[in-house]
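Below is one structure, written out as structure tokens, with a few remarks after it.
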Amino acid sequence: MNILVIKSSVFSDGGNSSALVNAKVEALKAAHPEAHIVERDLAANPIPHLDGERVGAFFTPSQERTAEQQQVDDFSMALIEELKAADQVVVGLPMYNFGIPSQLKSWIDHVARAGITFRYTENGPEGLLADKPVTVLAARGGLYAGTDNDTVTPYIKLFFGFVGITSVDFVFAEGLNMGDDTKAKALDEAKAAIENS
């Protein structure tokens, strides 16, 4: 059992989504004591945002790349190999200003690669990765799930589906900035959902 853990809170382990991630990982470790866990804390170890040089490295044929360009490609491929090798994926997902954290977007931008994790065909795009369970632990200050203001849930489903991963489940902890009682109740309910999943 290989488990890939992605934390995207700017507060690292101090974030609410990271606390839920840790609860999920503990549950998985209890069920699979021999599991190998790879953790990516995107705040502690940020992935560079895309710029012209990084995109240029991706599109330069391997035999024509400079050493610096090859390093960029190697880094991207290492992230892809982590995702490929995982039997399960656990993602901590706060919502910042109606979107995903920019550091998570950087991870996505290095993983979604034409010809590697997806390809375009006459019938539309096709994901090239094998399906696997993904648990997304979504923490929000307000109440967004099921409303038009939740841009995050469809985006994450779209990304994973685009690369071939459709078994994506969400656990929501909402209203975390709406008072201590509301926060405690939301986190308790989310942790109970994790234990029962």
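The values are calculated or read from the model by the stated rules, or taken from the named source; none is laboratory data. For clarity, every value in this text was computed on a predicted model and none was experimentally measured. Virtual Cβ from ideal backbone geometry, glycine too; neighbours counted across all protein chains shown. Surface areas here come from the heavy atoms of the whole protein model, side chains and all, with no ligands, DNA or RNA. Shrake-Rupley method; radii C 1.70, N 1.55, O 1.52, S 1.80 Å.
Miscellaneous remarks
- Just one of the listed residues (Leu20, Leu50) is in contact with a strand residue (DSSP E or B) (Cβ under 8 Å, 6 or more places away or on another chain) and either on the phi < 0 side of the Ramachandran plot or part of a helix (DSSP H, G or I) (or both), and it is Leu20.
- Ala57 passes every criterion in (1) surrounded by 12 or more Cβ atoms within 10 Å (Cβ to Cβ); (2) part of a strand (DSSP E or B) apart from (2).
- Residue within the range 122-132 that is within 26 Å of Met1 (Cα to Cα), assigned to a loop (DSSP other than H, G, I, E, B) and under 14 Å from the mean Cα position of the chain (by Cα) present: yes
- Among the residues of the range 80-121, those identified as part of a strand (DSSP E or B) and open to solvent by 50 Å² or more (accessible area, probe 1.4 Å) are Tyr96, Ala114, Arg119, Tyr120, Thr121.
- If you go through the range 32-47 and keep only what is in contact with a strand residue (DSSP E or B) (Cβ under 6 Å, 6 or more places away or on another chain) and either part of a loop (DSSP other than H, G, I, E, B) or surrounded by fewer than 18 Cβ atoms within 10 Å (Cβ to Cβ) (or both), you end up with Ala35, His36, Ile37, Val38, Glu39.
- Residue under evaluation Lys29, criteria (1) in contact with a strand residue (DSSP E or B) (Cβ under 8 Å, 6 or more places away or on another chain); (2) assigned to a helix (DSSP H, G or I); (3) in contact (Cβ under 8 Å) with a residue 24 or more places away in the chain; (4) not hydrophobic (A, V, I, L, M, F, W, C), criterion not met: (3)
- Of residues in the range 1-17 being assigned to a helix (DSSP H, G or I) and under 15 Å from the mean Cα position of the chain (by Cα), the one farthest from Val134 (Cα to Cα): Ser12
- Some residue of the range 138-149 being modelled with pLDDT of 95 or more, out of contact with any Phe, Trp or Tyr (no Cβ under 9 Å at 6 or more places or on another chain), open to solvent by less than 60 Å² (accessible area, probe 1.4 Å) and under 24 Å from Ala57 (Cβ atoms): no
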